[in-house]
């Protein structure tokens, strides 16, 4: 039996924020965007650190780092923001919704995790931390027509988040298991640390 799990550390949005993301996703799907693999809104999360495959003993050490990173930070608010793409509009690979709110506390949490995990042998991210919630990924390189259609939708779509659904209080950080399947990733909560 394999004693490794594919794991990442994340923040989960509230149920109301996920419902708002589901409505946005439906509108965007109705816009006839081609060659995108849509993420199930109920599985959307804000990744703080992707770990890859870790052993079960390493999992326990990761949870210790999470506990240490969360200690003394306290809850903080985040909110859904605008749409964007990675790496660029000319070569979109990921369609996402950004977050706003207490980005200082979010950055402090993410940096504490990076520092603690570096001590366990996980390399630091080369790219800067850009907090986001992934809505869709491209299957392959988009055709010029599909890229133009995505650019049109991004230019016209201005999410009008109702504050009651778009804002949530971050109270915990979670360690998730990600199991890849042909129909998409399946996520399972492994551990959580309270802020």
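Is there a residue being free of Cβ contacts under 8 Å to residues at least 60 places away in the same chain, more than 20 Å from residue 137 (Cβ to Cβ) and either surrounded by 13 or more Cβ atoms within 10 Å (Cβ to Cβ) or touching a strand residue (DSSP E or B) at 6+ places or on another chain (Cβ under 8 Å) (or both) anywhere in region 2-15?
Just the residues of region 2-15 that are free of Cβ contacts under 8 Å to residues at least 60 places away in the same chain, to begin with: 2-4, 15.
If we keep only those that are more than 20 Å from residue 137 (Cβ to Cβ) as well, we get 2-4, 15.
Applying the additional criterion that residues be either surrounded by 13 or more Cβ atoms within 10 Å (Cβ to Cβ) or touching a strand residue (DSSP E or B) at 6+ places or on another chain (Cβ under 8 Å) (or both) yields 3-4.
Among the residues of region 2-15, at least one is free of Cβ contacts under 8 Å to residues at least 60 places away in the same chain, more than 20 Å from residue 137 (Cβ to Cβ) and either surrounded by 13 or more Cβ atoms within 10 Å (Cβ to Cβ) or touching a strand residue (DSSP E or B) at 6+ places or on another chain (Cβ under 8 Å) (or both), which makes the answer yes.
Cβ separations smaller than 7 Å between residues 6+ apart or across chains give the following pairs from region 171-195 residues that are modelled with pLDDT under 90 to residues that are exposed (fewer than 14 other Cβ atoms within 10 Å of the Cβ): 185/179; 186/179.
Say whether the condition of being in contact with a strand residue (DSSP E or B) (Cβ under 7 Å, 6 or more places away or on another chain) and without any contact (Cβ under 8 Å) to a residue 24 or more places away in the chain is met by at least one residue in region 99-109.
The answer is yes, given that some residue of region 99-109 is in contact with a strand residue (DSSP E or B) (Cβ under 7 Å, 6 or more places away or on another chain) and without any contact (Cβ under 8 Å) to a residue 24 or more places away in the chain.
Number of residues in region 47-75 that are in contact with a helix residue (DSSP H, G or I) (Cβ under 8 Å, 6 or more places away or on another chain), within 15 Å of residue 10 (Cα to Cα) and not in a helix (DSSP H, G or I): the value is 3. Against the list (1) modelled with pLDDT of 95 or more; (2) touching a strand residue (DSSP E or B) at 6+ places or on another chain (Cβ under 8 Å), the condition residue 150 fails is (1).
Set side by side, the residues 110, 32 differ, and just one is touching a helix residue (DSSP H, G or I) at 6+ places or on another chain (Cβ under 9 Å) and over 27 Å from residue 139 (Cα atoms), which is 110. Of the residues making up region 1-38, just one is under 15 Å from residue 96 (Cα atoms), at pLDDT below 90 and assigned to a loop (DSSP other than H, G, I, E, B), namely 33.
The values are calculated or read from the model by the stated rules, or taken from the named source; none is laboratory data. Given the structure is predicted, the values throughout are model-derived calculations rather than measurements. With ideal geometry, Cβ positions are generated from the backbone for all residues, glycine too; neighbour counts draw on all protein chains shown.
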